[in-house]
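Participant: First the structure, then my questions, so here it is.
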Amino acid sequence: MLKTFVTFIFFILLPWYLVGQDFAFGSITPEEIKLAKNDLDSFSNAAVLNEYGKAFMVYNDTRGYTELIVDYHVRIKLFNRDGYRYADIELPAYRDESGERTDALLEIKAVTINIVDGRVVSIPLEKDRIYKENMSKYLTLTKFTFPDLQDGSIIEYSYRLISPHIFNFKTWHLQDDIPKINSLFEAIIPAVYTYNVTLRGPYPLTTQDAKLNRGAFRIAGRDIDCSHMTYGMRRIPAFVAEDYMTAASNFKSAIYFELSDIYRLNGANLKITKEWRNVDHELATDARFGGQMKRDQVFKSMLPQILEGTTDDLGKAKALYHYIQQNIKWNRYLGKYSENGVKDALEHRSGNTGDINLALIAGLSAAGLDAEAVILSTRDNGLVNDVHPVLSNFNYVVAKVNIGDNYYLLDATDPLLPFGLLPLHCINGKARVINLKKPSYWIEPTSSQKSTIRYTLMAELLPDGTLKGQLMSQSLGYAAHRKRRELADYNTVEEYMEHRNEQLPGFHMIACEIDGKEDLEVPLTERYEVEMKLYDSLAAETVFFNPFFLNRIGKNPFNLEERTYPVDLGAAREDRVVMTIKLPDGYVLRSKPEDCNLTLEDNGGRYVTQTLLAGNTFSFSQLLTLNHTTYPPESYFALKELFGRIIRQEKIDVVFNKITEVTDR
């Protein structure tokens, strides 16, 4: 990943034809009409032909604050029906917590352009086809869908956004999940504001220019000079997301802005980019954060009942964790701040992530334990800036309790998470520990357990061709958490068994017993009576059997020609299958998958299989381990080849031959 940190005051002389400007609305070129699907890549179903944005600032005398104005214009070609989804547009508008400062979307214009009998036909979007949908108290989406789509349609739209939110100026996303032929962005920033500018992603800018606009910003009767910057990129490949990655925003090419200083007209400098000691104080004194961490008095009357039977600090911590898990239900809202307050969340048994985990911290403190808050960014929110504090990077809070020489990270929002196991969405690089009495510090949360699943099948192949026996499945760590969440979707074990039988056609589960469903601290164990009809009878001289039907991978999760970002599993993985089958007398092993022992470098992982027939007992074992939580892009092809070999192995049957008796005459 390329990161470049610059300030907005720089000047580069470039030819006149690289200076940014918008393109004419609705005026398509012959080259755009001729552009075909495979001209850019072999897989994209749409492409951005041209994209332009311009962001500048205006002081609103009536409201008394500076507003950001963004003009956006884009033209997209849809190659086929699979590309039509890019004709469904959603434009977000945000409002602050007070509800007083909100984004406004204006001047929305959209048109579908088709070629009909060699003629260019334009179908404008009717205004009544534009509607709004309130997603939350902080977000409203303006939606519309382009009319009269056909293969080869060119769609085009533009709008103006007026926003009071100037801290991040306007993030410009150069790269998307479809290719772009051209993307150009102009940023006009008054000299009274200084921004840190970051270029993220693997591709360099093809256009970069800066000039001075004299007196372009007016405030309090004074004209302020502005820096006018232009950024551009051409022929930008599509970003292809794949399994096992964090937020795409960590890796896509984009330009990010972050307000660092405001210079007042009286000469004073208001430093927006703070140091952590300033942020520590801000959080500690915030009623929604530090104020809730201090609400230990709320728990005083509850503690005797909650802690009954506990004998040590670890037992106390577990009791409080399970109490919060069971008594405050997550309302599906994320946040590092408390939304309703600890007391209200306990009374109404509902709250956001801040309510729940700050309540846990307050409860732990009330019990005399050393508890701290940990603010972090979830995997789909992107990585945090660890160069200087940016509170808006953090969207989540968990608890940290220190017991002896150990500490435990706790998230009580999920009633199925065992003590000390963070959900994978919380494992995303660095996190900041906030202590009300000491300076904050960085930690890097990691998965405290592997994702482990073990299958054991003990069975007998009967003369009528039925495989019958006992199957045990044992899940630990993250695998156990996934399994408990899956079980929670079913009202009864019988419903779950029916689902499992549908997953494994021909493999019938007759009876089921599940241990560890309620006790989160032990492995989750499933025991089944199973049967599988292999053949109508064993009269045939040759019997085919595929032993890879348990925990079959089936499809390679790694299919890119090149992956420029890491493979991030979140947790190490271990999958094991052990199978013992008693055969009828008189069978020999004719062919089988070759035993294999494949390894990844740097102890990154291993795949081992072994097949054996001893007497009339057939045994099969399979082990897949992935020992690292993250693999760099350089390891991608090794992982891709490993899974490819596994899938090829899964297609090979075991073949048994029946011994034909020879009699003397």
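The values are calculated or read from the model by the stated rules, or taken from the named source; none is laboratory data. Since the structure is predicted, the reported quantities are computational estimates derived from the model, not experimental observations. Positions of Cβ are backbone-derived with ideal geometry, glycine not excepted, and every protein chain shown enters the neighbour counts. Surface accessibility is based on the protein's heavy atoms, side chains included, excluding ligands, DNA and RNA. Shrake-Rupley method; radii C 1.70, N 1.55, O 1.52, S 1.80 Å.
Participant: Among the numbered criteria (1) at pLDDT 95 or above; (2) over 28 Å from the mean Cα position of the chain (by Cα); (3) assigned to a helix (DSSP H, G or I); (4) surrounded by 15 or more Cβ atoms within 10 Å (Cβ to Cβ), which single criterion is violated by ARG648?
Facilitator: The one condition ARG648 does not meet is (4).
Participant: For the subset of the range 482-518 comprising residues that are among the charged types (D, E, K, R) and either in contact with a Ser or Thr (Cβ under 8 Å, 6 or more places away or on another chain) or not in a helix (DSSP H, G or I) (or both), which member is farthest from LEU550 (Cα to Cα)? Spell out the reasoning first.
Facilitator: Residues of the range 482-518 among the charged types (D, E, K, R): 482-486, 489, 494-495, 498, 500, 502, 513, 515, 517-518.
Remaining after also requiring either in contact with a Ser or Thr (Cβ under 8 Å, 6 or more places away or on another chain) or not in a helix (DSSP H, G or I) (or both): 482-483, 489, 513, 515, 517-518.
On the way: ARG482: 17, LYS483: 15, ASP489: 22, GLU513: 18, ASP515: 20, LYS517: 21, GLU518: 25 Å.
If we take residues in the range 482-518 being among the charged types (D, E, K, R) and either in contact with a Ser or Thr (Cβ under 8 Å, 6 or more places away or on another chain) or not in a helix (DSSP H, G or I) (or both), then GLU518 is farthest from LEU550 (Cα to Cα).
Participant: Something else: Hey, any hits in the range 76-85 for a residue that's among the charged types (D, E, K, R) and modelled with pLDDT under 95?
Facilitator: no
Participant: Out of the range 236-281, which residues are assigned to a strand (DSSP E or B), in contact (Cβ under 8 Å) with a residue 60 or more places away in the chain and either within 24 Å of ASN393 (Cα to Cα) or open to solvent by 40 Å² or more (accessible area, probe 1.4 Å) (or both)?
Facilitator: Of everything in the range 236-281, those that are assigned to a strand (DSSP E or B), in contact (Cβ under 8 Å) with a residue 60 or more places away in the chain and either within 24 Å of ASN393 (Cα to Cα) or open to solvent by 40 Å² or more (accessible area, probe 1.4 Å) (or both) turn out to be ALA254, ILE255, TYR256, PHE257, GLU258, LEU259, SER260, ASP261, ILE262, TYR263.
Participant: Name the residues in the range 323-341 that are assigned to a loop (DSSP other than H, G, I, E, B) and open to solvent by less than 30 Å² (accessible area, probe 1.4 Å), would you?
Facilitator: ILE328, GLY335, LYS336, SER338, GLY341
Here's the yes/no breakdown for (1) in contact (Cβ under 8 Å) with a residue 60 or more places away in the chain; (2) open to solvent by 10 Å² or more (accessible area, probe 1.4 Å); (3) closer than 15 Å to ILE76 by Cβ:
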position	(1), (2), (3)
ARG129	no, yes, no
SER136	yes, yes, no
PHE167	yes, yes, no
THR171	yes, yes, no
ASP176	yes, yes, yes
ILE181	yes, yes, yes
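Participant: Take PHE146 and decide whether it is aromatic (Phe, Trp, Tyr), in contact with a helix residue (DSSP H, G or I) (Cβ under 8 Å, 6 or more places away or on another chain) and either at pLDDT 95 or above or over 30 Å from PHE43 (Cα atoms) (or both).
Facilitator: Yes, satisfied.
Participant: Sort out which residues of the range 395-433 are farther than 29 Å from GLU486 by Cα and in a loop (DSSP other than H, G, I, E, B), and write them in order of number.
Facilitator: Selection gives GLY404, ASP405, LYS430.
Participant: Going by the conditions given, is TYR455 surrounded by 17 or more Cβ atoms within 10 Å (Cβ to Cβ) and farther than 20 Å from VAL577 by Cβ?
Facilitator: no
Participant: Taking the range 142-165 only, how many residues are without any contact (Cβ under 8 Å) to a residue 40 or more places away in the chain and not charged (D, E, K, R)?
Facilitator: First, the residues of the range 142-165 that are without any contact (Cβ under 8 Å) to a residue 40 or more places away in the chain: 147-148, 150.
Next, only the ones that are not charged (D, E, K, R) stay: 147, 150.
The total comes to 2.
Participant: Any idea which residue in the range 282-291 is nearest to HIS388 (Cα to Cα), counting only those that are open to solvent by 40 Å² or more (accessible area, probe 1.4 Å) and not polar (S, T, N, Q)?
Facilitator: GLU282
Participant: Going by the structure shown, is TYR86 in contact (Cβ under 8 Å) with a residue 60 or more places away in the chain, outside any strand (DSSP E or B) and of a type outside the set (Asp, Glu)?
Facilitator: The answer is yes for TYR86.
Participant: ILE272 - would you say it is aliphatic (A, V, I, L, M) and touching an Asp or Glu at 6+ places or on another chain (Cβ under 8 Å)? If you could, list the steps in order and put the result at the bottom.
Facilitator: Numbers: aliphatic (A, V, I, L, M): yes; touching an Asp or Glu at 6+ places or on another chain (Cβ under 8 Å): yes.
Yes.
Participant: If a residue must be open to solvent by less than 40 Å² (accessible area, probe 1.4 Å), within 30 Å of LEU205 (Cβ to Cβ) and not in a strand (DSSP E or B), how many such residues does the range 138-165 contain?
Facilitator: 1
Participant: Mind listing whichever residues of the range 471-516 are surrounded by 15 or more Cβ atoms within 10 Å (Cβ to Cβ), more than 21 Å from LEU417 (Cα to Cα) and either within 26 Å of the chain's Cα centre (by Cα) or not aliphatic (A, V, I, L, M) (or both)?
Facilitator: Hits for the range 471-516 are ARG500, ASN501, PHE507, HIS508, CYS512.
Participant: Out of ASP380, ASP344, ASP386, which single residue is in a helix (DSSP H, G or I) and modelled with pLDDT under 95? Please lay out each step first, then the result.
Facilitator: Details: ASP344 fails: modelled with pLDDT under 95; ASP386 fails: in a helix (DSSP H, G or I).
Testing whether each residue is in a helix (DSSP H, G or I) and modelled with pLDDT under 95 leaves just ASP380.
Participant: Give me the residue from the range 284-313 that is under 32 Å from the mean Cα position of the chain (by Cα) and in a helix (DSSP H, G or I) and, out of that set, farthest from LEU416 (Cα to Cα).
Facilitator: Going through the qualifying residues, I end up with THR285.
Participant: Report whether or not ASN352 is touching a strand residue (DSSP E or B) at 6+ places or on another chain (Cβ under 8 Å), within 24 Å of LEU424 (Cβ to Cβ) and either without any contact (Cβ under 8 Å) to a residue 60 or more places away in the chain or of a type in the set (Ser, Thr, Tyr) (or both).
Facilitator: yes
Participant: So, one more: Cβ-Cβ distance below 8 Å, separation of 6 or more or different chains: which pairs start in the range 505-529 with a residue that is β-branched (Val, Ile, Thr) and end on one that is in a loop (DSSP other than H, G, I, E, B)?
Facilitator: Taking only residues 6 or more apart or on different chains, the pairs are VAL522/GLY516; THR525/GLY516.
Participant: Moving on to the next point. In this structure, does ARG200 turn out to be part of a strand (DSSP E or B), closer than 30 Å to PHE43 by Cβ, open to solvent by 30 Å² or more (accessible area, probe 1.4 Å) and among the basic types (Lys, Arg)?
Facilitator: So ARG200 passes the test.
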